[in-house]
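The values are calculated or read from the model by the stated rules, or taken from the named source; none is laboratory data. Quick caveat: nothing in here was measured; it's all calculated off a predicted structure. We place every Cβ from the backbone using ideal geometry, glycine too, and count neighbours over all the protein chains shown.
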Amino acid sequence: MQIYDSVQKKKVPFEPIRKGEASIYVCGPTVYDDAHLGHARSALAFDLLSRTLKALGYKVTMGKNFTDIDDKIIKKVEETGKSLEEITTHYIARYLEEMDALGVARADIEPKATESLDAIEQMIQKLIEKDAAYVVSSGDVYFDTSKDAHYGDISHRVGEDEENQSRIEHTEEKRNPKDFALWKACKGDEDICFDTAFSRGRPGWHIECSAMIEKHFAKAHGNDTYSIDIHGGGADLLFPHHENEAAQSRCATGHELAKYWMHNGFVQIDGEKMSKSLGNSFFLKDALNVYDGEVLRYYLNSVHYRNNFNFNEEDLLSAKKRLDRLYRLKKRVVPGKGSAVNKAFKEALLEAMSDDLNVSIALSVIDEMVAKANEQLDSNPKEKALKKETIANIEFIDTLLGFGGKEPYAYFQIGIDEALKAKIETLLNERSEAKKAKEFERSDAIRDELTTMGIAIMDTAEGTVWEKA
């Protein structure tokens, strides 16, 4: 398995801390609003990574956090009058539902900031004791970046971004302009606060991931060189978030946070980076109201994870047509049980995905399999061995890439509302009764009516099935 390490800026062999195992931690959402396509892209990228490693025989442990205490969440509390728990519970549940619709597997470990306060306090206290962090008069605690000789090694961008970080977290008591907050003391009458030995307040953003990784991963395998194998997230997290995580973990524990760092590209709409400040954020819930989650999954994964993704409906529809071809093949070979996956096909898919998740080649391999299977079925439509192997191939695609697992006729019913489905089923029942009564003229009239509605039907041994024409 070759992966692109953002620190080394090149593809490198994946050599895990523990043989046969892979630990992955991905930065999850700050739960004050609905997930957008950027959240979906990151989740899908690392779901692909996890699936690929599992297919290669690794035992994978995936962690993804929820930031459930943050200034944006507190602002939402003030605006809505709802409690912190009400808001965060709602958006966590919504996020998980939407990830499920995309076929993203649940993480093995899903820590929340509010449930990790002891670990956060312990790590900050350790940094204070080592003089790598300091408390200012307000009660805020800052990390002293000058105490980390390797600060900047992760992003290689500290110099160009130092001024921005200094402006964001400015206080005259900071030792260095690029020092960042580990703990924010509560001011005035703020009531969303937590007690610690250094002050009453709430954690800074960067510290929570370091503390969670140390709590759930590092202590589990006892390695004194790295806490986890792979740390992942969006490219926008490289600096300052991941740079700061690496620095504070290094100083607190004496070892590196992650052996490898992986980052997915941005989602763009009409070529612009998706951003609320630009007013073009595309919520995932809106996309799922129009398109099936599997179609979105196929489309969002059709571009290599490190590349920026330009979302537009024309490309989405083209991607769906490509997915349609797989399901049309599946219609030709089901129902039935699969045999063994074609060895050459499986090896070709795994070879592509082992090359830093080269999904373009993987999809080309699938297209070739579909074309070849259709050609063989055209010559010999009753070839049982071919049908069984094709079913097994499609099942492996679903395991590795997360699409192709639906019942094919149900797939081609996607996008039809429930009222129309009910009408179609009523007409099909009427047609069935007409056929039983040998009222063939009535039966044909119903078929014609369905055709006019854009519905194609097929009589099979299991009954009549239908789909959008």
In region 48-79, how many are outside any helix (DSSP H, G or I) and either closer than 13 Å to Ser354 by Cα or not aromatic (Phe, Trp, Tyr) (or both)?
14
Within region 4-18, track down each residue that is modelled with pLDDT of 95 or more and either over 15 Å from His242 (Cα atoms) or more than 22 Å from the chain's Cα centre (by Cα) (or both).
Tyr4, Gln8, Lys9, Lys10, Lys11, Val12, Pro13, Phe14, Glu15, Pro16
Return the pairs, sorted by first residue and then second, in which the second residue is at pLDDT 95 or above and not in a helix (DSSP H, G or I), the first residue lies in region 353-378 and is within 15 Å of Asn393 (Cα to Cα) and in the same structural domain as Phe403 (by TED's automatic domain parsing), the beta carbons are less than 8 Å apart, and the residues are 6+ apart or on different chains.
Leu363/Ser302; Met369/Asn342
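From the list Val26, Val12, Val31, which residue is of a type outside the set (D, E, K, R), closer than 23 Å to Leu238 by Cβ, in contact with a strand residue (DSSP E or B) (Cβ under 8 Å, 6 or more places away or on another chain) and surrounded by fewer than 21 Cβ atoms within 10 Å (Cβ to Cβ)?
Working: Val26 fails: surrounded by fewer than 21 Cβ atoms within 10 Å (Cβ to Cβ); Val31 fails: surrounded by fewer than 21 Cβ atoms within 10 Å (Cβ to Cβ).
Sole residue among the options that is of a type outside the set (D, E, K, R), closer than 23 Å to Leu238 by Cβ, in contact with a strand residue (DSSP E or B) (Cβ under 8 Å, 6 or more places away or on another chain) and surrounded by fewer than 21 Cβ atoms within 10 Å (Cβ to Cβ): Val12.
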Taking the criterion of being touching a Phe, Trp or Tyr at 6+ places or on another chain (Cβ under 7 Å) and within 24 Å of Gly103 (Cβ to Cβ), would at least one residue in region 438-455 satisfy it?
no
Would you check which residues across region 333-345 are closer than 27 Å to Leu300 by Cα, in a helix (DSSP H, G or I) and touching a helix residue (DSSP H, G or I) at 6+ places or on another chain (Cβ under 6 Å) and list them?
Phe345
Could you grab me the full set of residues in region 58-108 that are charged (D, E, K, R), under 18 Å from Lys285 (Cβ atoms) and more than 12 Å from the chain's Cα centre (by Cα)?
Lys76, Arg94, Glu97
Within region 375-462, considering only helices (runs of 4 or more DSSP H) that don't extend past its boundaries, which have at least 2 residues that are closer than 30 Å to Ala344 by Cβ?
384-401, 408-411
Among the listed residues Ala392, Ala371, Ala410, Ala344, which satisfies the condition of being of a type in the set (Gly, Ala, Ser) and surrounded by 15 or more Cβ atoms within 10 Å (Cβ to Cβ)?
Ala392
Output the residues belonging to region 257-302 that are at pLDDT 95 or above and either hydroxyl-bearing (Ser, Thr, Tyr) or surrounded by fewer than 18 Cβ atoms within 10 Å (Cβ to Cβ) (or both).
Tyr260, Tyr298, Tyr299, Ser302
